[in-house]
Structures are given as C-alpha cells and as structure tokens.
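A short write-up of the structure that comes next.
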Amino acid sequence: MSSTTNSPTHHTSTIGAIGAPSRRNTELALLIFAVLIPVFAYANVGLALDNRVPAGLLSYGLGLGLLAGVAHLVVRKFAPYADPLLLPLATLLNGLGLVAIWRLDQSKALQQIHVAGGKATNQLMYTAMGIALFVAVLYFLKDHRTLQRYTYISMVCALILLLLPLVPGLGTNVFGAKIWIHVGSFSIQPGEFAKIVLTIFFAGYLMVKRDALALASRRFMGLYLPRGRDLGPILVVWAMSILILVFETDLGTSLLFFGMFVIMLYVATERTSWIVFGLLMSAVGAVGVASFEPHIQTRVQAWLNPMREYKLSRMVTHDGIAHSDQLQQALWAFGSGGTLGTGWGQGHSELIKFAANSDFILATFGEELGLAGLMAILLIYGLIAERGVRTALAARDPFGKLLAIGLSGAFALQVFVVAGGVMGLIPLTGMTMPFLAYGGSSVIANWALIGVLIRISDTARRPAPTPAANPDAEMTQVVRPS
Amino acid sequence: MSELTLTVMRLGFLAVLWLFVIVAVQVIRSDLFGTRVTQRGSRREAGRAQPAGGRQAARQQATPPQQRGQQGGGGRRGRNAPSKLVVTEGTLTGTTVALQGQTITLGRAHDSTIVLDDDYASSRHARIYPDRDGQWIVEDLGSTNGTYLDRSRLTTPTPIPLGAPIRIGKTVIELRK
C-alpha cells in the first residue's frame, strides 16, 4: 500500500489521501475551547446580575462538556475522518444558546408571563436528546448512500410530517401559525424533521432526473428554458409550499422548502435558469397568497411598519388583530446594543416578552454582545454552512454531494429567514434559530442534521477504500512484464 | 460588581469569541492549503519534467520499460511520481484523489473510488494502480465504450504519463504532481 507513499515533506492533505490526518485532535482542542466559552459567559451573567459566580456553573459546564465529550468519542469511533469543525461549531452555538436562555430565566418580568424559568434545564435535556440522536445517526448510518434506497419513502414521510399540524386535534394554532403538533404534554414542530427527510428525497430524485432537467432545454436570451414537462417537479414543490403557506400560514417553512429545492436543482443541473424561475415563482406565490390571507397580511404590515404596530399594541384596538410590539422592541434591542454591546446580563430583553428566548433570541445576543458579537455568531453559522458545502465538494458520489448541499443550504436558509425576520429585513416567520433558540424539535433535528453531514464528510475524506474483488477480474487480468 | 470588571469581562468575552472564529478559520485554511508547500517545492521540477512528460505521451507505449525505469527510480522517492488524480471534465470536475499506492477504480458501481454518474460509463469501467516499480497504470476493465488515453483507445494496461488526459464517457481525468 505504501510503495509510493511520499516523504513527509511531500505529503498532501488532499481529500482522500491515505494517511491523511484524521484531525480528531484538532476537533478535541476546538471542542474544549467551545465548551469553555459558554462557561465564561455563564459566569459573566452571574457576576453581572447577582455579583457572584452562579451556583450551577459547575453542573452546566460539566453537563455541556460531558455531552460534547460523548459526541467527540462517538465521532472518533464511528467517523474518524469527519470534518473537524462541524462538531465544535455546533457545540459552541448550543452552549451560547443555553447561557442566553438561562440569562432570560433570571428575568422576573419574563417569569411572570411564563416565558422564562427553568427553561435552561429543559434545553440542556433537549440537547442531551439531540446528542443521543446524533450518536444514533452515526451508529446506524454506516454509509450515507443507504439513504438513497429510501428516496420515495422519504417523500411520503416528509409529506406526512408536513401535513401533521393540519390534522384536527393534533395540530395547534400557535399565534397564527399552524406548525406545531401536541402529543401528550409535548409539542413538536414536525417541519424541523421534515427538513432533513425532504432533503433525502430531493437528493435521490434529482440525482436520477438531473440529466433530463439539465440537457433537454432550449436557449433563449442567454437562459436555458426547460421543456414544459420538465417543469413538473418544480411546479409540484411550488404548489406544496404554497399549500403550506395557505393552510399552515407559515412563511418560513414554505420559503425554506422551496428555496432548498431550488438550490438543489441548481446544483444538480448547473442551470441558472432554475434560479430565475424559482425566484419568479416564489415572488408570485408570496404576493398571491398575501393578497388574501389575513395572517400573512398582518405579518407583512408589522414588517413594513413596526413603529405603527408598536403604537397599536399600546392602544385598545377593535380590529380583531393581535398587534405585537415585538419587532420594534427587537430593533431597539439591536440599536441599544451598539457595536460592543451592553455586556452579558445587562440588556433589557424582557421587553420583548413572548418568544424572547425562542424566535427572538438573536435580539438578546444583539443587545448584550453588540454588533461585534452578533457578527461572530453569524460567522459561526456561515462556517457550518461552508463546511457543508466543502463536504459536498469532497464527496465522491453524486447523491452525497446533493444531500450535503441540500442540508447545508437548508441550514443557511433557515438562519437567513430567522435573522432576516428578527432584524426586519423580511417579514417575521415562525422558525427558530438553529441551536441558539429554546425549543426541543429544533435542537434535536439540527443535531441529527450535523450527524448526517459528519457522516458524509467522513465518507468523503476517508482514504479511498480498497474495492471489493472484481467479479470479472479473471477475464481482464493481463500478465504484466516486470 | 464594579463597572470596570464588567467592562473588562464584556470586551474579554468578545475577544475570546472572535479568537474562536479565527482559530476555526485557521483550521479551514490548513485544510485548504495543506498541499501548498509541496507544490512550491516541486514546481521547478514539474517545469523540468513537463517536456519529458510530453515526449513520453508522444511515445506512449513505444518504450514503456525505459519510462518505467526513469520514473520507477525517482517515483519511489516522490520526485517524478504523480501525487494526485484530478477530474478535469464531467460532473465531478475538480474532484481530486491522492495517489498513495492504492488501486483506484472508476465506474458507475457504488463501491468505486470515483463513482461516475454517466450513462456512457460501465459499472466497472477502468482501474488505475501502481505496478511494482511505482509507475501508475490504467487498465480498461472490459467496458462497453472504452477508455481513452490521449486519443487512443486502451487495449492493454498502459502506463500513464503525467498530465495525459484519460477519457471515460463524459469524464476526463489526469494525473498531476
């Protein structure tokens, strides 16, 4: 095997090299760093609020450290060549989320409206469940290509998951958006899981159909126009996301699925025309639905004019619409944070009231860490997406490429949709910031997403395997002169 | 807690957060440019070896033993041997696989080293392996449409000159230093 192994100075770390560094030690070092930062933040919150180091420092720190350690050992065992950055980056975000949730738990005003209080402990429990699912993914999914077998089963599963919130008695309407289901005392957001399952379907489907979609087209004004019948799949996905928008009245979920499909379609076919079509169709769909759906109209109004909404929320109105001052409060939070922020525990996130620790958690970061901290957090999200794209580049099979691109695309889109909504760039949606925000479904599903990405990156960076004995080796074997 | 301590902690936290981001980017950087030193060190040699490679390509199979002699001796030391296989055309363009003595299989079969998603490729199309002297050989595995080295269809296992295009269906690969 090592007959042509180069001397150390000639060693390459090109993807797939035998003896390529597995980089697990780099991951461990970064992971320790990623656990220490939230511990620092936790101590900082305690010192700022009560003038003492919080009593739970050791248990929270150990809890996070233990979970990260377990995840690291599992990666070391089952995915030794995986990307070294994905796990530490996700751990850091999760840890910072825990600190911010704990910091909001301390707020008396939020405790009174039952938004805060003991939520950090719950979130730690959800994180543990997320890591458990992460471990399960790495343990049971030995090769991501097995997922290809379940292309159409995934489609059915994703549709069921997406439709669950509409089942009477199971789905609940939480502040206008029907994206939740209640099972016993648990509420689950099935869209978060549908995200992963749907990516598997898109990847499997596009891998088979991409030649027809890419090659059979006419050129018109610099754009490749696909044949009418090839528009089928994009129309179906478009119709589905419009249906989500109409019946579940959730812009975020709808945007996420359609956007993800367009990204994967573009990557599979290399045709810019799909992006143009996608943008046109989503614009038409969004404007069309907004013209008759009152919930969407309210959201758009609140987005265009948050100050008016803020004033209306202070007055008694009789138009039957719940006005919320959240967006304006969030904008003020970002503003009062300034460049360097007020410091941990010294902001006034309690003014955001409802959803301060879930949808609007980014406003707390913006206020207490300022632009500098928020940029770092957005960069960390960007790095996770970048590692996903890098994994896709390195993957040696088309299905893995599409799956990695789809998962990281969905992740990046979700960050954009939530951050854009909280900052007033696009209308607010009911999605949560991956890893940072309070919420079981989100944390658990995103850990599974990271698990799948780590599995693909392990396969992609693993030294090329010795292939199975060729069945017709007898036939083609030729005696070589030595 | 005094104002000063809190300010120091606030700025300290931001510094630590950014330090993490910078360290993470450094890790990515080492991932991206891990081969840089190698290339710089061997570029001059590559320049010298290039005409030779061209001549070899022209002679092709005519003098394989001599070629092997040249490359075999130096190849082991990593002087003249290709270090990676690069896909230059087709859906997998840009993919590289490091050559470290392992056999590389190409085809549509899922356990191939490079899985070709191409209707013109057979499931086990070709393989590339080092012979005893470390010279890289390409062998067509009885494929339907054939494997082409430069412009000639392969009939026997053939040594691969550096930089010579190997065409399989819509995919073109070559060996580089």
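Values in this text are rule-based calculations from the coordinates and carry no lab data. Predicted, not measured: the structure shown is a model, and the values here were computed from it. Using ideal geometry, Cβ is built from the backbone for each residue, glycine included, and neighbour counts are taken over all protein chains shown.
A few points about this structure:
- Taken residue by residue and averaged, Cβ atoms of other chains lying within 10 Å of the Cβ of B:124-132 number 2.
- Packing here is the average count of other Cβ atoms within 10 Å per residue, and on that basis the peptides A:402-415, A:100-113, A:133-146, A:385-398, highest first, run A:402-415, A:385-398, A:100-113, A:133-146.
- Annotation: amide H of B:GLU89 within the under-5 Å range of B:VAL172, sequence separation 5 or more or interchain, hydrogens built in the peptide plane.
- Other residues lying with their Cβ under 11 Å from the Cβ of A:ALA302 contribute a combined charge of 0, Lys and Arg counting +1, Asp and Glu -1.
- For A:SER187, no residue 5 or more places off, or on another chain, has a built amide H under 5 Å of its own.
- Residue order, fewest to most beta carbons within 10 Å, for A:VAL156, A:VAL418: A:VAL156, A:VAL418
- Least to most buried among A:THR199, B:THR156 (fewest other Cβ within 10 Å first): B:THR156, A:THR199
- Distant-in-sequence amide H partners of B:ASP118 (H built 1.01 Å from N, under 5 Å): none
- In summary, the aspartates and glutamates within cross-link reach of B:LYS170, defined as a Cα separation below 16 angstrom excluding same-chain residues under 8 places away, comprise A:ASP211, A:GLU270, A:ASP397, B:GLU89, B:ASP117, B:ASP118, B:ASP119, B:ASP140, B:ASP150.
- Among the listed pairs A:LYS195/A:LYS401; A:LYS119/A:LYS311; A:LYS401/B:LYS177; A:LYS119/A:LYS353; A:LYS77/A:LYS119; A:LYS142/A:LYS401, those whose Cα-Cα separation exceeds 21 Å are A:LYS119/A:LYS311; A:LYS401/B:LYS177; A:LYS77/A:LYS119.
- Exposure proxy for B:VAL8, B:VAL21: other Cβ atoms within 10 Å of each Cβ, ordered fewest to most, give B:VAL8, B:VAL21.
- If you take all other residues with their beta carbon under 11 Å from the beta carbon of A:LEU251, and give Lys and Arg +1 and Asp and Glu -1, the sum is -2.
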